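Notes follow the structure.
The values are calculated or read from the model by the stated rules, or taken from the named source; none is laboratory data. Source: prediction; values computed, not measured. In this analysis, Cβ positions are derived from the backbone assuming ideal geometry, glycine residues included, and neighbour counts consider all displayed protein chains. We work out accessible area using only protein heavy atoms, side chains counted, and drop any ligands, DNA or RNA first. Shrake-Rupley method; radii C 1.70, N 1.55, O 1.52, S 1.80 Å.
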Amino acid sequence: MAALLQHPGYEEERLQRVAEQLPCREVQAGILLSLMGQLPHATVSCVECVSVALLFEQVLLSFFGCDAASLLPRSASLSDFVRIYRQQCSQSPAKQTRYIVMEKAELLRDTDANLLPALLRLQELVEDNVTIILLSEIVWDKFRPNTGCFEPLLLHFPDYSKGELHTILSQDRHPSYSDEFYSSYINILLGVFYSVCRDLRELRHLAALNFSKFCEPLEEGKVKETDTHKLWRNIEPHLKKAMQTVYLREVSSVQWEQMQQTEEKENGALRGLSAHTHVELPYYSKFLLIAAYLASYNPARTDKRFFLKHHGKIRKTNFLKKNEKTSNHLLGPKPFPLDRLLAIFYSVVDSRVAPTASIFSQISSLVTLQLLTQVSHDDQLDAPKYKCAVSMDFICAISRTVNFEIVKYLYDFL
Amino acid sequence: MSTSSVSKGCFVFKPSAKKKKTLSLADHFIHGCEGAENSEKRFKLCQDLWDQIKTDTEVLQDELNRNILDSLLDFTRKCSSTRQHSDWASQMRASEIPTAALVLGVNVPDHDMTFQSLSDLLQQSVTPYVASVQAKDLITIFCHVHPLQVLERLMGTVVTVDDEEEEEAEQTSAQHHKSVHCSLSTLCDWYNTKTKKSNTGTPGKKRSSPVRDGPQQPPVVIIFKDLEAFNPRVLQDFILICSRYIERLPLMFIFGIATSPSTIQHLLPHSVSSLLCIELFQSLSCTQHLATVIDKLILTKQFPFKLNGKVMQVLISIFLYHDFSVRKFIKGIQLALLEHFHSQPLSVLCCKKKEALLNVMQLDHLDLERIRHLLSFKRYVEKQEPREQVDLLTDDTHLKEVCQKLIKDLHKYHKNYYPILRCLHTLTSSLPRYPLGKQIRELHLICLEKNVWESEDYQSAMKLLKMLAKDELIALLQRCAEILQPAKSKKIKSALVQLEDMLTKFKQLDSKYHLSPPESQVLNEVCYYTSSATVRRHLNATPRTSIQAALNSPFYYLQNDRLKTEDGTVSNAAPDICIVYKLHLECGRLITFTTDSDNFGKVDEVKHARFIRAVSELEFLGFIKSTKQKTDHVARLTWGGC
């Protein structure tokens, strides 16, 4: 392993340490080492830098200390940053290359259009020996601004292979068990999860969660460490279950651990997060939601047919347009104006309802609860438009509680 | 002042109270009060009663929330203690942020109190670092919100929380605020200095003892009050940032959820939700909450103030049909209470029995005349002997004595009514198809309206009862006996005896004597508030009806004598918009200005301008809309009276 990382100009011991920290990345580490050294650098996470000013501040802070950072004005621009950088680096010129490492660099695309091109030419702007390293999970092609920019050097880190994952995960072995035992555990774990998850962080988490269950037959003295097959038989259904629950965060890891301890006594008592979909709503809110659903999924011209008692004859061929039918649910909800919502509401609700303020406030409440979404801008008081944001299952459940057969009123199901 | 109301509308910001000479509450009450002589006494009674109701509801709410709050506290304690473990599994585990998903139901206005007591409790017993964030704080300031604001707010809150404790905290906080930006790393540093200081803190410093006993590193709790309302991107970014610091900073989230826990999955992608370790906490449903409030506040003889059937119906239907808000329900009771004491001079007798008896003796002639005019009293008089009738109507001292007796009777009636109501409910609430309602409040409403034993539902309930299996019936009767046990009244004692014997006798006794509607009781007006229209008008406003009333009869709001008119006509002195409104009612669907402005009077420039202004006001109120076909053409938008 370490053989790969032999490099003139670096101490043997340090290379060894790097190799230990970065298993299975020897090639890439070797290239990086040949390009640069262990030098002054600033690591910045772009998620954290919610404004460019914060990003500049962090860079200056780690290169020149807090005095430099405090020179930045309250809402610093790129030119402020360049000015202060130049001023600072003339005071303390670089002996070696300075590096700015940006994690999650894809977020830079959402900032000012000039930031990314400017960062890529920062060396020229500040006249200093400075290099930018962008870390991203997205290919460079997606970064390229349409105004053009300097092309960076690309270094591709391929996905870990199954074998590499195995090597890395096996390193976290439990202190009280042998290497082989833990390695066989990782083997089984990867057998179940490798097809759905390649995320090292996630796999490590899963390995830690399920290891105690794996050791259970061993603790009870039923099997020996070497009896892999029996161990596999014991753990495999358990891992499959984990894939449907704790991996999807349907149950939390703490709940999962508790389940492992109490499994024999009460099984399946815990329901996942998505099992809780029931929402209690006031009576009129339910009808408002039903009206909104109908308005979102029925074409407006069919309202007459559904909600007018004496709608007269409507020609069938005209009414049922071929491609319009059944497609409404595939196309998703359509926006509708407030007037239409209220008109349908007054027609579906069984009693006579006065147009009170609380009816209107319920519409707003439904928007806050994200069961409706307001499509028009907040400022538009005149005729606001909404969309219904609930699923068919949800609205069917709601309709059942108020004895309203919604399917009879849906154009798609006619 | 907050404009957090979910309704669309205008908000009135009154000028600060300093300029005006402030009137005390009592002055407001006495001003315009019916029967001003004893208004002060009534005000005191009203206030005492309200104070009692208020404290009772608060105690009740605390009790109802106790379970969920306790488990939340346990959760936070457990999380902060497992953090400090260093066994293999917890080291290996990717560090998740412990998160409590608190499902509170859609009655958002009620949540504030729960969160308040939650953060108080947390601060008392677990950690001083608790911050609450609300989505509206972020949305209203900027359209495009960044987590930065969340952070700044968090630090602000955390710092202010501690301001009282130590002065140095203020200094450090000032430094932080001086620095260009707040970020989690600054929060981290601040937290480290704080905890280090408290760990090596000098013994002389006053610190609340629970914190010292608590974990060495108290968690930093962030409460998201209304998760649904948050911008998903802001939330995701915020969680991502926090997860970078979880190793250095013991963060903890509490999500307040109004709808269902699956919203978490709608809001957060797997990459973000995998950073959280979510545990679910379900609070009591609001209907259960209401049932408890009704049980403890309404169905008890403890409070002399009562609501009649219609008012109860209005309050309950507002709750069930509109908002699910227990707080609003209690506000409704408060309104009824105030109105009752304000408008009913005889409400001076609406108090505890002893006090009421005293107050009867202090009634003056005017009050006694009022009693004589009460409907229930008139009915009572009619049933008396002619001699007695004359005495009652002329002799004040005699009337006072009789009143004392009647008040005693009324109290006795209440004393018997509630236990028997509960018995009947116990017997009928488990019958198939619930002939007398599933909830006790439904039965109570029936009893308030009419003679329950005459209703068909009652008959069918009794039939069903007769068909019950013996052991079921015995179990029910035993529960009834338990309810009646503490009652002292002799009649109920005898009911108890009979109850143990057989069902039929019990049945006859129970409802006829004790569940008669309160209207049949003499002097019920003293205790029962009956004006359901007032309550409805105040609690369930109808803006359109009010606008139409104002336009139709401006006198109703302006109170100017010149505006008084015969029905259907409009006075010359009425505001322009009223005249234009009247004119537009006479037109068809499409209205042309020229004909309309002719009706308005002889055309001169000023009048024409006034006309145009009135038309645009009408358009602003949503009665007409320009058609875009012709410039002087508008379409009517409303039809019929509402």
For this session: Considering only region A:62-173, give the helices (runs of 4 or more DSSP H) lying wholly within it that have at least 1 residues that are within 30 Å of A:Tyr194 (Cα to Cα).
Result: A:162-170
Exercise. Out of region A:375-396, which residues are crowded, with 16+ Cβ neighbours inside 10 Å and touching a Ser or Thr at 6+ places or on another chain (Cβ under 9 Å)?
Worked result: A:Pro384, A:Lys385, A:Tyr386, A:Lys387, A:Cys388, A:Ala389, A:Phe394
For this session: For B:Leu346, work out the one condition from (1) out of contact with any Asp or Glu (no Cβ under 7 Å at 6 or more places or on another chain); (2) open to solvent by less than 10 Å² (accessible area, probe 1.4 Å); (3) not aromatic (Phe, Trp, Tyr) it doesn't fulfil.
Result: (1)
For this session: Quickly run through region A:175-194 and pick out the residues that are open to solvent by less than 40 Å² (accessible area, probe 1.4 Å) and within 26 Å of B:His270 (Cα to Cα).
Result: A:Tyr185, A:Ile186, A:Ile188, A:Leu189, A:Leu190, A:Val192, A:Phe193
Seminar exercise, completed: Taking region B:324-336 and the residues there that are in contact with a Phe, Trp or Tyr (Cβ under 9 Å, 6 or more places away or on another chain) and assigned to a helix (DSSP H, G or I), the one that is nearest to B:Gln61 (Cα to Cα) would be B:Val326
Seminar exercise, completed: Selection over region A:297-354 where residues are open to solvent by 60 Å² or more (accessible area, probe 1.4 Å), modelled with pLDDT of 90 or more and assigned to a loop (DSSP other than H, G, I, E, B) yields a count of 2
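Out of A:Ser364, A:Ser399, which single residue is surrounded by fewer than 20 Cβ atoms within 10 Å (Cβ to Cβ) and within 23 Å of B:Val103 (Cβ to Cβ)?
The match here is A:Ser364.
Of everything in region A:195-219 that's assigned to a loop (DSSP other than H, G, I, E, B) and closer than 20 Å to A:Trp256 by Cβ, which residue is least open to solvent (accessible area, probe 1.4 Å)?
Once the filter is applied, the top-ranked residue is A:Cys197.
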For this session: Considering only region A:282-296, state which residues are closer than 14 Å to A:Cys396 by Cα, open to solvent by less than 10 Å² (accessible area, probe 1.4 Å) and either within 14 Å of chain B (Cβ to nearest Cβ) or touching an Asp or Glu at 6+ places or on another chain (Cβ under 7 Å) (or both).
Result: A:Phe287, A:Leu288, A:Leu289
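Would you check if there is a residue in region B:441-452 being at positive phi and in a loop (DSSP other than H, G, I, E, B)?
no
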Seminar exercise, completed: Of (1) assigned to a loop (DSSP other than H, G, I, E, B); (2) within 22 Å of A:Glu280 (Cα to Cα); (3) at pLDDT below 90, A:Asn403 satisfies every one except (3)
For this session: Scan region B:223-235 for residues that are modelled with pLDDT of 85 or more and more than 9 Å from chain A (Cβ to nearest Cβ) and report the count.
Result: 4
For this session: Please name all residue pairs, on different chains or six or more residues apart, with Cβ atoms under 8 Å, provided the first residue is in region B:264-288 and is within 19 Å of B:Cys79 (Cβ to Cβ) and the second residue is open to solvent by 50 Å² or more (accessible area, probe 1.4 Å) and in a helix (DSSP H, G or I).
Result: B:Ser273/B:Gln265
For this session: Sort through A:Lys95, A:Lys142, A:Lys104 and tell me the only one that's within 14 Å of chain B (Cβ to nearest Cβ), open to solvent by 60 Å² or more (accessible area, probe 1.4 Å) and either at pLDDT 80 or above or more than 20 Å from A:Val52 (Cβ to Cβ) (or both).
Result: A:Lys104
For this session: Starting from residues that are aliphatic (A, V, I, L, M), more than 12 Å from chain A (Cβ to nearest Cβ) and more than 14 Å from B:Arg327 (Cα to Cα), keep the ones in region B:269-299 and report whichever is most open to solvent (accessible area, probe 1.4 Å).
Result: B:Ile298
Exercise. Assuming B:Ile257 fulfils every condition listed in (1) in contact with an Asp or Glu (Cβ under 9 Å, 6 or more places away or on another chain); (2) open to solvent by 10 Å² or more (accessible area, probe 1.4 Å); (3) within 12 Å of chain A (Cβ to nearest Cβ); (4) in contact (Cβ under 8 Å) with a residue 40 or more places away in the chain apart from one, which condition is it?
Worked result: (2)
For this session: Scan region B:235-244 for residues that are open to solvent by 10 Å² or more (accessible area, probe 1.4 Å) and either out of contact with any strand residue (DSSP E or B) (no Cβ under 7 Å at 6 or more places or on another chain) or not in a helix (DSSP H, G or I) (or both) and jot them down.
Result: B:Gln236, B:Asp237, B:Leu240
For this session: Pick out the one residue from B:Thr259, B:Thr263 that is farther than 30 Å from B:Ile407 by Cβ and part of a loop (DSSP other than H, G, I, E, B).
Result: B:Thr259
